[in-house]
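Read the figures in this text as sums done on the coordinates, not as results from a lab. Fair warning: this is a prediction, and the values are worked out from it, not measured in the lab. Here the Cβ positions follow ideal geometry from the backbone for every residue, glycine too, while neighbour counts run over all protein chains shown.
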Amino acid sequence: MTDSSREAKFLSVCLYAHGSQPEEALRLSDFFRSSPGLGTSWELLIAANTPRYDFREYISAEHKSTRKIVWIESGIPRHQAALWRALMCNSTACWILLINDQVRLDTSWLQKLREFLSSRHHVNVITLGATGSEQDISAQGFILRTSWLREHLRGNTTTAEPLSIPDGDTNALGFESVTSGEAISLAMLLDETAEASAEPSPDLSACLCTYGDHPELVLRCLDSVMKENISSTQMELLIGCNDVSREVMSQLERRALHTPYSLFIRSPYNLNKSGIQRLTFRLARAPLLLSLDDDMYFLPGWFAAMQPVSYTHLRAHETL
């Protein structure tokens, strides 16, 4: 996560969108864009499962004053908790708001949220529309203090007393409704080892990250991976596209978007190498992770040659 010395924004809005029916996400995106008083005090990070083409194009064109990340997926859709987790771990703000595209806000939501959070200095986790027992609390949305989350992920703290706000009381924060959509377990949200999908995990997660406009390099790398015809049970391919031009993006999509194991992570803004790598790593599902830069490429037969070495080390690690 970003260093606290660089923490300048008040709020990271992490929005999970249903990409196949994007009307609500478009409504909410327009609402944020027109909300008064935001300025540079916030950022919008969007995760969309299998988004429709028009939704992808809209996200790429809008919110030029904010930072955003769009997941473009094929193959196995990621669980909402996993997408939220990847988004929130790339936050650069003091507070993180996790919501889905069904949430309704009133026009004074930002002022109300600021006032609410400023009066609760010792609260680190707020659950919105919460249900269930204290041991296994689930909610429609969450608000997390970023400094606490950092410490939690580092293993320095493992517990927090969540402040639970039922849906009927969320109007104090400027929320008209948060009840629609999937309720997420707090334990699953904070557990980085939680399964990102109900499907069996592949053997290897290959994470290819590219920056800018270098088609001759990234396409050479991608082709060298895909020419092996590796099955989806053996490998998943995560492609992090960091400030990639439309021309290069279209070529990457033609090659890999509709393969059975690819996951695209696209940011219209430069997140730097570590930022885009972190996002791919957090969504990897396999026990082994292969990190690739766009100027790397494989010789034929690379996967078969790698398997004996990789699996030997994996088995040795599992017996420790």
Original post:
Say R0 is 45 Å: what FRET efficiency, to the nearest 0.05, do E23 and E151 get from their beta-carbon distance?
Top reply: 0.70
**OP:** Just grab the label-to-label distance for T107 and L217, each label 7 Å out from Cα along the Cβ direction, in nm (one decimal).
**Re:** 4.9
Subject >> Hull volume in cubic angstrom per residue (convex hull over the Cα atoms of the range 93-160) >> reply: 110
**OP:** State the Cα centre-to-centre distance between the range 204-263 and the range 270-307 in whole Å.
**Re:** 10
**OP:** Obtain the radius of gyration and the Kirkwood radius of the range 240-293 from its C-alpha atoms and give Rg over Rh.
**Re:** 0.96
**OP:** Could you list, in their original order, any pairs among K68/K112; K68/K273; K227/K273 whose Cα atoms are separated by more than 22 Å?
**Re:** K68/K112; K227/K273
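Please give the FRET efficiency for V123 paired with K273, using the beta carbon to beta carbon distance and R0 = 35 Å, rounded to the nearest 0.05.
0.50
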Original post:
Taking the Cα-to-Cβ direction at E228 and at N171 and moving 7 Å from each Cα, how far apart do the two end points lie in nm?
Top reply: 5.8
**OP:** Can you tell me what the convex hull of the Cα atoms of the range 215-311 projects to on average, as an area in nm²?
**Re:** 6.2
